Amino acid sequence: MLFFIKLFLTSIAIINVKIAIASEAKTGLPQLDLNTYPSLMFWSIVSLIIGFILMKYLVTPNIKSILNSRETNIQNDLVKAKTSNQEAEKIKQSIIKNQEDIRSKSQKIISNSLLESKQTIEKKDKEISAKLELKVSEAENKILHTQNIVINEVISSAEEITANIVKKFTNIKYDKSNIRKAIKLASKNLLTEK
């Protein structure tokens with residue numbers, strides 16, 4: 001501020017000297033007329049001082065407040081971004097953990113299901129094998145029973161036929177018990193040959 005006062009006083013002194021010199025000769029260009037210099041210098045200095053005061057107290061503080069608020073907004077946004085990033089990482093880790101849990105549970109369920117189905121298949125296989133063996137043994141028993149019935153019928157028919165043949169072709173006296181023993185012996189020999 002002191003500098004401006006010294007500058008103002010110096011310029012007034014120069015202007016006074018020039019006014020004295022210019023008053024002697026009034027001819028020439030109007031821009032070089034030294035009579036208008038003091039008022040021009042005064043208003044120039046007043047304008048500069050007003051401009052300086054406006055810049056210092058109105059414009060610059062507004063710019064500083066805008067810059068400060070911008071900086072705080074940037075810092076707040078950075079903090080929010082960092083917390084959001086941390087939360088996203090936590091969520092990611094929980095999702096990965098949940099996926100691993102689900103994967104292990106599904107593997108357990110699959111292995112249990114395979115074990116149960118294997119046990120069920122083995123149980124059904126045993127049941128079917130037991131039923132088949134029972135049916136086979138029943139069928140064998142029926143076949144043996146039927147075979148025995150047929151053999152007995154054949155033997156009884158053979159006894160009758162043998163008795164009739166012996167009677168028709170020979171005059172030999174026969175005993176039915178002997179014929180029965182002979183036919184049974186012959187049938188046993190035939191059955192064992194098969």
Tell me, please, whether a residue that is part of a helix (DSSP H, G or I) and under 30 Å from residue 13 (Cα atoms) can be found in region 108-124.
-> no
Hey, residue 154 of a type outside the set (Phe, Trp, Tyr) and at pLDDT 90 or above or not | no
Output the residues belonging to region 26-59 that are among the β-branched types (Val, Ile, Thr) and modelled with pLDDT of 90 or more.
-> 45, 46, 49, 50, 53
Examine region 84-104 for a residue that is touching a residue at least 12 places away in the same chain (Cβ under 8 Å) and either surrounded by fewer than 10 Cβ atoms within 10 Å (Cβ to Cβ) or assigned to a helix (DSSP H, G or I) (or both), and state whether such a residue exists.
-> no
State whether one or more residues within region 45-65 are in a helix (DSSP H, G or I), more than 30 Å from residue 5 (Cα to Cα) and hydrophobic (A, V, I, L, M, F, W, C).
-> no
Restricting to region 105-164, what's the tally of residues that are of a type outside the set (Val, Ile, Thr) and over 30 Å from residue 177 (Cα atoms)?
-> 30
Pairs, first closer than 22 Å to residue 49 by Cα and hydrophobic (A, V, I, L, M, F, W, C) in region 5-22, second assigned to a helix (DSSP H, G or I) and at pLDDT 75 or above, C-beta under 6 Å, six or more apart = 8/45; 15/37; 15/38
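The values are calculated or read from the model by the stated rules, or taken from the named source; none is laboratory data. Values in this document were obtained by computation on a predicted structure and should not be read as measured data. In this analysis, Cβ positions are derived from the backbone assuming ideal geometry, glycine residues included, and neighbour counts consider all displayed protein chains.
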